[in-house]
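Peer 1: Take this structure first; my questions come after.
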Amino acid sequence: MLKGSFGMNKKNIYMVQVDHLYGNDEKSIYLPYAVGLIAAYAFDDETIKANYALKDFIYWRQNINDAVAVLDSPFIVGFSCYVWNTEYNKVFAKRLKEVHPGCTVVFGGHNVPYNTAMLEQFDFIDILIHGEGEVPFKALLAAMACGSELSDIPNISFRNRENNIIKTPSAPPPNLNLPSPYLEGYFDSIVGNGDFSFCAVLETTRGCPHHCSYCDWGSLGSKIRQFPLDKIKKEIEWMAENKIEYFWFADSSFGILERDNIIVDWLIALKLKTGYPKVFKVNYAENREREVYEICRKLNEVDMNKGATLSLQSLNPTVLKNINRRNISMELFAEMMALYNKANIAMYAELILGLPGETYESFCKGISTLLEAGQHNALNLHALVLLPNSHMANPDYIKKFGIKTVKTEFFQFHCEKAENDIPEYYDLVVATDTMDTAMWVRSNIFFIYIQTFHQLGLLHFFAVYLFYEMGINYDDFYSRLIGWSAVNKETLCGTIYTEFSRKLSGIPKGNGSRSYMNSIFGNIVWPLEEGAFLEILPQSDLFYKEIADFLSSFHIESSVYRNLMAYQTGMMKRPGKSKFSLPLEYDFHNYFGRIYVHAYSALEPVKNLLHLNDERCANTWKDYATENVWYGRNDSRTLFRDITIEYLD
């Protein structure tokens with residue numbers, strides 16, 4: 001029984017925040033932090049405790065009929081809505097009303113617009129909460145306990161007795177001295193569930209200092225508010241004690257405050273003492289590059305770094321102006337890349353495809369510029385989605401930039417796609433006045449090739465060598481590879497090009513997909529760029545035999561080509577390949593190492609023997625895909641990193 005659910009004749013409250021199950025054999029899921037926080041705030045009040053019993057949290061996508069059947073006389077059910085669960089919530093709420101017509105259904109969360117559209121469209125929803133939910137939900141319970149008017153509660157929409165829809169005025173968000181669902185015991189019974197391992201969300205701040213048009217964080221208020229430090233420390237201690245492996249801090253700009261170093265030191269101390277957390281993930285602050293580097297350096301020393309993120313979104317100045325954003329200079333970016341590479345710390349850049357003002361040419365050139373600056377290990381590309389409460393979703397903004405969207409199915413990558421599950425959807429931007437749908441498809445293909453062949457490594461060393469020795473720009477190299485694939489359809493590259501182009505071309509028509517599945521790699525969904533890599537690597541002997549035709553067009557000197565091919569193929573990890581030695585006639589390893597820290601010098605013809613070791617060597621393709629492609633994508637785990645070099649006479 002949850003805290004607050006004691007006594008008789010109380011009205012029962014249920015909270016719903018479902019997520020997908022991550023992983024293949026061992027399933028993990030996030031604890032329902034948002035509804036837990038809201039419940040903890042409400043039941044900290046004696047009036048609420050006296051009138052209500054807090055029942056179960058529903059936190060995974062179970063069969064809805066089964067879930068509804070076990071609800072005991074629900075008086076209020078609160079649903080937390082995100083892009084990955086809103087359709088599930090709708091079906092759940094509709095079924096709930098059929099079985100318990102007197103139950104009050106409350107929807108809140110980021111996927112609830114600030115307008116009243118959801119009430120107008122769905123008669124099974126009774127109340128909407130707009131923005132932060134703690135204060136309105138608590139006030140709602142108090143009002144319903146004593147029969148007072150809901151119109152006095154800020155930040156909600158509801159139907160009155162005459163069935164008219166009322167939207168109340170907004171009010172400032174609360175201070176952040178809020179009770180913790182972790183510390184107050186609300187999740188104790190959940191973490192005792194042996195069926196799953198758990199990930200946890202924690203906030204140290206709320207708010208965002210930026211106003212990017214595609215994001216709704218800035219619209220929620222730009223002032224950064226801080227949670228108390230003593231509470232944060234106790235929460236991360238609770239997580240470690242409960243063996244939570246993955247901590248995700250849901251701050252917008254971690255590293256912006258001096259106290260963030262204190263928090264990191266606590267995390268490191270706990271990792272050394274308890275072994276937890278194994279992984280720490282956060283959104284890092286912009287324009288605090290050196291401070292973020294120091295945080296990542298410390299985390300990296302205890303193998304707890306998920307990678308430093310640099311969210312650029314675009315390198316096109318017109319785009320940045322259109323989305324109300326500024327980036328750091330490429331000079332500073334290159335300097336930071338060299339610093340991260342020298343320290344062997346993963347650092348990845350994030351881009352968004354489809355932003356207003358972007359073209360196919362500017363998108364490809366932007367990626368090429370990042371590679372030239374040293375970003376060789378990881379790039380993440382986000383699809384541009386119209387979030388309901390973002391400035392970009394404003395009709396005037398949409399009209400100004402000719403934004404076109406399509407409602408397409410949302411897939412939570414690296415999760416199992418369960419049979420008969422309720423599909424989720426989002427509004428995907430597939431065209432603007434500067435990028436039509438054909439350009440959008442081509443841009444996606446270009447990124448897939450960059451990720452598959454460069455970031456994940458299949459032709460990485462050839463591309464870098466050709467840039468430095470023959471002046472072949474990265475966008476030129478990969479554009480030529482795409483053209484070669486389109487012509488040579490019978491090859492592995494040609495097959496992938498044809499199939500993935502078909503998938504992407506179908507999206508604007510409403511029948512495509514950005515997902516890939518293959519049972520060899522488990523029963524989970526992969527993004528297309530990872531899928532392309534996983535299609536090729538098991539057939540790498542055939543791939544490198546076929547790709548020789550493409551590489552021959554660059555006329556690399558024969559002995560260099562032979563050794564470079566040996567280095568390229570040898571550096572790729574494979575299942576069962578734990579250690580081996582690679583004889584070479586050129587010092588490619590130090591040649592590339594100097595390039596990554598912007599200290600280029602010519603390739604030296606010297607006989608050497610590379611000894612390569614993979615301590616985490618996977619035995620199956622499923623384990624390989626999980627460990628190296630999913631977990632290790634951002635720090636180049638598909639390539640050998642434990643390498644010693646022996647020079648030969």
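The values are calculated or read from the model by the stated rules, or taken from the named source; none is laboratory data. This one's a predicted model, so the numbers in the text were calculated from it and none came from an experiment. Note that we place each Cβ from the backbone using ideal geometry, even for glycine, and neighbour counts take in every protein chain shown. For the accessible areas, the whole protein counts, side chains as well, though only heavy atoms, and no ligand, DNA or RNA atoms are used. Shrake-Rupley method; radii C 1.70, N 1.55, O 1.52, S 1.80 Å.
Peer 1: Lysine pairs, Cα distance under 22 Å, 8 or more residues apart or cross-chain: how many in region 1-112?
Peer 2: Lysine pair count for region 1-112: 13.
Peer 1: Would you please state the base-10 log of I(q)/I(0) at q = 0.32 1/Å for region 352-401, with intensities from the Debye formula using one equal scatterer on every alpha carbon?
Peer 2: -1.23
Peer 1: Which lysines does K399 reach when only Cα atoms under 29 Å apart count, and residues fewer than 8 places away in its own chain are ignored?
Peer 2: K167, K321, K365, K407, K503, K509
Peer 1: Additional query: I'd like the trypsin sites (Lys or Arg not before Pro) in region 437-526 restricted to DSSP loop residues with at most 16 other Cβ atoms within 10 Å, sorted by number.
Peer 2: When the trypsin sites (Lys or Arg not before Pro) of region 437-526 are filtered for loop state and at most 16 Cβ neighbours within 10 Å, K489 remain.
Peer 1: Continuing with this model, one more query. Taking Cα centroids, how far is region 475-490 from region 104-142 in Å?
Peer 2: Using only Cα atoms to place each centre, the spacing works out to 50 Å.
Peer 1: Would you mind working out the magnitude of the charge dipole of region 199-260 relative to its Cα centre, with +1 at each Lys and Arg C-beta and -1 at each Asp and Glu C-beta, to the nearest 20 Debye?
Peer 2: 200 debye
Peer 1: In nm, to one decimal, how far is the S170 label point from the E245 one, both placed 7 Å along Cα→Cβ?
Peer 2: That separation, rounded to one decimal, is 4.1 nm.
Peer 1: If you don't mind, another one. For A548 paired with W266, estimate the spin-label separation in nm (one decimal), with each label point 7 Å from Cα along the Cα-to-Cβ line.
Peer 2: In this crude spin-label approximation the distance works out to 5.9 nm.
Peer 1: Rolling a 1.4 angstrom probe over the protein heavy atoms, how many square angstrom per residue are accessible across region 1-127?
Peer 2: 40 Å²
Peer 1: Identify the GluC sites (Glu not before Pro) of region 249-289 meeting these criteria: DSSP loop state and at most 10 other C-beta atoms within 10 Å of the C-beta.
Peer 2: E258
Peer 1: Using 0.36 nm per residue, how much length does the chain from L229 to A438 gain when fully extended, once their Cα-Cα distance is taken away?
Peer 2: 70.2 nm
Peer 1: Sticking with this one: M330 to A599: extension gain in nm, 0.36 nm per residue of separation minus the Cα-Cα distance?
Peer 2: That pair, M330 and A599, stretches by 95.1 nm at full extension.
Peer 1: So, for region 551-614, what is the accessible surface per residue at a probe of 1.4 Å, expressed in square angstrom?
Peer 2: Per-residue value: 43 Å².
Peer 1: Dipole magnitude of the chain about its Cα centre, charges +1 at Lys/Arg Cβ and -1 at Asp/Glu Cβ only, in debye to the nearest 20?
Peer 2: For the chain, the charge dipole is close to 680 debye.
Peer 1: About the Cα centre, and with charges only on the beta carbon of Lys, Arg (+1) and Asp, Glu (-1), how big is the dipole of region 99-197? Nearest 20 debye, please.
Peer 2: 200 debye
Peer 1: Out of the total accessible area of the chain (probe 1.4 Å, heavy atoms of protein only), what percent is carbon and sulfur?
Peer 2: Here it works out to 50 percent.
Peer 1: Can I ask one more? Separation of region 163-197 and region 584-649 by C-alpha centroid, Å?
Peer 2: First find each Cα centre; the distance between them is then 46 Å.
Peer 1: Please sort 561-569, 144-152 by packing, taking for each peptide the average over its residues of neighbouring beta carbons within 10 angstrom, highest first.
Peer 2: 561-569, 144-152
Peer 1: Give the ranking of W630, W248 by solvent-accessible surface, highest area first, calculated with a 1.4 Å probe.
Peer 2: Putting W630, W248 in descending order of accessible area: W248, W630.
Peer 1: Then there's this: In nm, to one decimal, how far is the modelled label at M470 from the one at A143, with both set 7 Å along Cα→Cβ?
Peer 2: Spacing of the two 7 Å Cα→Cβ label points: 7.0 nm.
Peer 1: Which label belongs to the value computed from this structure, given these candidates for Rg and Dmax of the Cα atoms in Å: (i) 26.3, 93; (ii) 29.5, 106; (iii) 36.3, 99?
Peer 2: The listed entry that was calculated here is (i).
Peer 1: Also, I was wondering about something else. Can you find, among M565, L310, F453, the residue farthest towards the positive end of the dipole of the chain? Put +1 on the C-beta of Lys and Arg, -1 on that of Asp and Glu.
Peer 2: Towards the positive end, the residue furthest out is L310.
Peer 1: Each residue of region 127-133 in turn: what ³J(HN,Hα) in whole Hz from Karplus with 6.51, -1.76, 1.60 and θ = phi - 60°, glycine and Pro shown as x?
Peer 2: Rounded to whole hertz, the list is 9, 10, 10, 9, x, 5, x.
Peer 1: Next question, about the same structure. Taking 0.36 nm per residue of sequence separation and subtracting the Cα-Cα distance, how much length would be gained by fully extending the chain between N163 and E409, in nm to one decimal?
Peer 2: Taking 0.36 nm per residue and subtracting the Cα distance, the gain is 85.2 nm.
Peer 1: Could you list which residues have their amide H under 5 Å from that of H414, counting only those 5 or more apart in sequence or on another chain, with H placed in the peptide plane?
Peer 2: V525, W526
Peer 1: Let me ask something else. Taking the Cα of D66, stepping 7 Å toward and past its beta carbon, and measuring to each backbone N in region 13-47: which are under 12 Å?
Peer 2: It comes to no residues whatsoever.
Peer 1: Based on a Kirkwood Rh over C-alpha pairs, give the Stokes-Einstein translational diffusion coefficient of region 60-190 at 10 °C and viscosity 1.306 mPa s in µm²/s.
Peer 2: D, rounded to a whole number, is 101 µm²/s.
Peer 1: Would you mind checking region 127-143 for residues with the amide N under 16 Å from a putative spin-label position 7 Å along Cα→C-beta of Y114?
Peer 2: 129-133
Peer 1: Can you tell me, using C-alpha contacts under 8 Å and at least 6 residues apart, the relative contact order of region 378-493 as a whole percent?
Peer 2: 22 percent
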